[in-house]
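Colleague: Please find one structure pasted underneath; my questions will follow.
Read-outs throughout are calculated quantities, based only on the coordinates presented, and are distinct from any laboratory measurement. Fair warning: this is a prediction, and the values are worked out from it, not measured in the lab. Ideal geometry is used to build each Cβ from the backbone, glycine not excepted, and the neighbour counts take in all protein chains shown.
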Amino acid sequence: MERHTVDSTSASAATSTLAPKLALVLAPTLALFAATGCAGQARLTDEEKLARVEEMVEEVERRFPEVEAVTVEEVGRLLETGSVVLVDARAEREREISWIPGAITSEEFEQDPDRYADLTVVAYCTIGHRSSEYAKRQNDKGRRVLNLRGSLLSWAHAGAPLVGPDGPTTRLHVYGKTWDLAPARYETIW
């Protein structure tokens, strides 16, 4: 067995040149860890989350320029007049957590789309990408379907209600970590 020895002078010199380099490499990682806590998620304020939602919404709108979108405020006015049907375009596992009161599933809409011919049909999902895809597919079939701009994340930031299996809720399925941008008062699931 071969044995290597290092004298204390060369070890000390190696440590003194390595320590600053190591600090430069580890500093950003340690700062990120300190800022994000144990969960690994940045602790953003609600305003920062809403700004990120807006950035994501703008990207959705660039990808689907042909899909007409309506805001949460516009949907609120339509709900007051009873002239809208909201279509939840999310997967069943997401819908089981919470949904917009009165919304129907995409499957329910597709079973009898003529039933909603006199209403404004607005699809939603978490941020608007999947509901834009859904609206585009329906529009291609000759059915006018709009997209809720910012979908459930904008809905939550506006303070609009959600319901779950047991009634009003602050639980929200956000599809994945990237979309974990609901206001702090919400319990998010993905």
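Colleague: What is the set of long-range amide H partners of Val84 at a cut-off below 5 Å, with H atoms built 1.01 Å from backbone N?
Modeller: Thr120
Colleague: Could you compute the FRET efficiency for Asp166 and Arg137, with r as their C-beta to C-beta distance and R0 at 45 Å, rounded to 0.05?
Modeller: Efficiency at R0 = 45 Å is approximately 0.85.
Colleague: Need one number: convex hull volume per residue for segment 51-155, Cα atoms only, in Å³.
Modeller: Working: hull volume 9.6 nm³, N = 105.
Roughly 91 Å³ of hull volume per residue.
Colleague: Using the number of other C-beta atoms within 10 angstrom as an exposure proxy, rank Val122, Val75 with the fewest first.
Modeller: Least crowded to most crowded, the residues run Val75, Val122.
Colleague: Test of understanding: ordering Leu79, Leu153, Leu162, Leu181 by Cβ neighbours within 10 Å, fewest first, what list do you get? Walk me through the intermediate numbers first.
Modeller: Numbers: Leu79 17, Leu153 29, Leu162 20, Leu181 23.
Going from least to most buried by this count: Leu79, Leu162, Leu181, Leu153.
Colleague: On to the next question. How many nm is it between the label spots at Glu66 and Asp46, if each spot is 7 Å from the Cα in line with the beta carbon?
Modeller: That separation, rounded to one decimal, is 3.8 nm.
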